[in-house]
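Notes for the one structure printed next.
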Amino acid sequence: MKRSLPKVVLVHILRRLPPSAQCRASLVCRLWRKIIGEVTKEMQIPAKLLLWNTRSAVAYVVDDLSPSSTGSRRELWRGGTNQQLVGTSNGLLCLCDNSCGSRPGGDVTLVNPATRETLAIPPLPHAGELVGHHREATRWDKAYSFACHPRSRRYKVVHVPCSFDWVCKFDAVYVLTLGKEASWQKVPAGPGTSCNLDAGIVSVDGVTHWVTVTDDGATARIVSFDLDSELITFSPTPRKLGLSDDYNLAEVSGRLGVVGRKPSGTRDAWVREKGRWIHRFSVKSWCQDIPRPNFAFGDYLLKREGTKLYGHRTFDWTWRDVLKVGYHHQGTLVAKLTGDSTCYFYDCYHTFAYVSTLEPLNIYSTKSS
């Protein structure tokens, strides 16, 4: 007589499978499909706001975003001195060590703060040949992206074509898909794909985006790399965004956005909808900082003023309007940054989405990591 596993044991086993394996396992039978569906729903609970301090390499989580919030935050993870957060996905953090003692291209590590488990990613291939004997600290993290494709549910680390001044130049996209046999795969990018690192890299709905500027500096374009098909496409930036403007890519409620900063102190944001750029936000400020890459989180448009992070609620605002925030519009307190001596620096806090998960990282370990 055949014996089946107790449901509680089966739930525990299926919960520990990587997302891609869960997709295959859901085809086995109705019971497995139901259990995996329940696990997936757990991962779809509302995300919390994660604050990453780029100066102290500490991640904080804001648990309460209600209007009655006291602005409290809790420490989630403390990284090394020269580590920077590349991105988050389903509760996993991707960190890059930029210290002078790290490998060329940086040492990339995945972290699960809920289980305190870490996983080293294999080194970027040929990086040593390109970098040579340069060993000074470099912001290698700016060239990476970390995301999970929503349909294949595979985690991928992406390194984009770019140039680090006189240090080195990468002319291809390198992709690592997490798994037992994980290794970096080179995807030829062709001319005109080198990333403007200052504009940032954003992954939205299974596509990684960055900005490239033509050699003559006359035209900027969005380069989009599909994480599933691994194909590259191009699209224009917002027409009203000047090349001389200070700008960066952003994620706006699950959409690709661009934030431009003008010398007048105005921050304008465009959101791409159905292939078109729509002007959605305008913030007038001299001393306020709009965090990146997630400057619109949940019901809030976020802005930082010194030791406080504020939010302007968007629940009563429609996508047909431009949300305008004036100089004296303070908003709702989201988080207090007091006790942090670095909070007065520009761009010292980056914002991400975080959902706690018990997904183990050892299932992705490789012999080369």
Checklist outcome for this item: Among the residues of segment 68-105, the number that are within 19 Å of the chain's Cα centre (by Cα), under 17 Å from Thr138 (Cβ atoms) and among the polar types (S, T, N, Q) is 4
Next on the checklist: So, Asp205, is that one under 23 Å from Trp277 (Cα atoms), open to solvent by 60 Å² or more (accessible area, probe 1.4 Å) and touching a Pro at 6+ places or on another chain (Cβ under 9 Å) or not?
Outcome noted: yes
Item to check | Residue in segment 105-116 that is more than 30 Å from Leu333 (Cα to Cα) and at pLDDT below 90 present | outcome: yes
Item to check | strands (runs of 3 or more DSSP E) wholly inside segment 61-114 that include at least 1 residues being surrounded by fewer than 19 Cβ atoms within 10 Å (Cβ to Cβ) | outcome: 74-78
Next on the checklist: When you scan segment 143-155, do you find a residue that is modelled with pLDDT of 85 or more, farther than 18 Å from Leu178 by Cα and part of a loop (DSSP other than H, G, I, E, B), even just one?
Outcome noted: no
Checklist entry - What is the residue count in segment 45-70 for residues that are of a type in the set (A, V, I, L, M, F, W, C) and modelled with pLDDT under 90? => result 3
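Matching residues to (1) part of a strand (DSSP E or B); (2) at negative phi; (3) surrounded by fewer than 19 Cβ atoms within 10 Å (Cβ to Cβ); (4) at pLDDT below 85:
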position: Leu176; (1), (2), (3), (4): yes, yes, no, no
position: Ser194; (1), (2), (3), (4): no, yes, no, no
position: Ala218; (1), (2), (3), (4): no, yes, yes, yes
position: Val223; (1), (2), (3), (4): yes, yes, no, no
position: Asp228; (1), (2), (3), (4): no, yes, yes, no
position: Phe234; (1), (2), (3), (4): yes, yes, yes, no
position: Ala250; (1), (2), (3), (4): yes, yes, no, no
position: Gly257; (1), (2), (3), (4): yes, yes, no, no
Checklist entry - All but one of (1) modelled with pLDDT of 80 or more; (2) exposed (fewer than 15 other Cβ atoms within 10 Å of the Cβ) hold for Glu129; which doesn't? => result (1)
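Each row is one residue, and each column tells you yes or no for (1) modelled with pLDDT under 85; (2) within 18 Å of Asp205 (Cβ to Cβ); (3) under 21 Å from the mean Cα position of the chain (by Cα).
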| residue | (1), (2), (3) |
| --- | --- |
| Val271 | no, yes, yes |
| Arg276 | no, yes, no |
| Ser285 | yes, no, no |
| Ile290 | yes, no, yes |
| Leu301 | no, no, yes |
| Gly311 | no, no, yes |
| Arg320 | yes, no, no |
| Gln330 | yes, no, no |
Checklist entry - How many residues, within segment 259-282, are of a type in the set (Gly, Ala, Ser), touching a residue at least 24 places away in the same chain (Cβ under 8 Å) and not in a loop (DSSP other than H, G, I, E, B)? => result 2
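The values are calculated or read from the model by the stated rules, or taken from the named source; none is laboratory data. The structure presented is a predicted model; accordingly, all values stated were derived computationally and were not measured. Note: ideal-geometry Cβ built from the backbone for every residue, glycine included; neighbour counts use all protein chains shown. Side chains included, ligands, DNA and RNA excluded: accessible areas come from the protein's heavy atoms. Shrake-Rupley method; radii C 1.70, N 1.55, O 1.52, S 1.80 Å.
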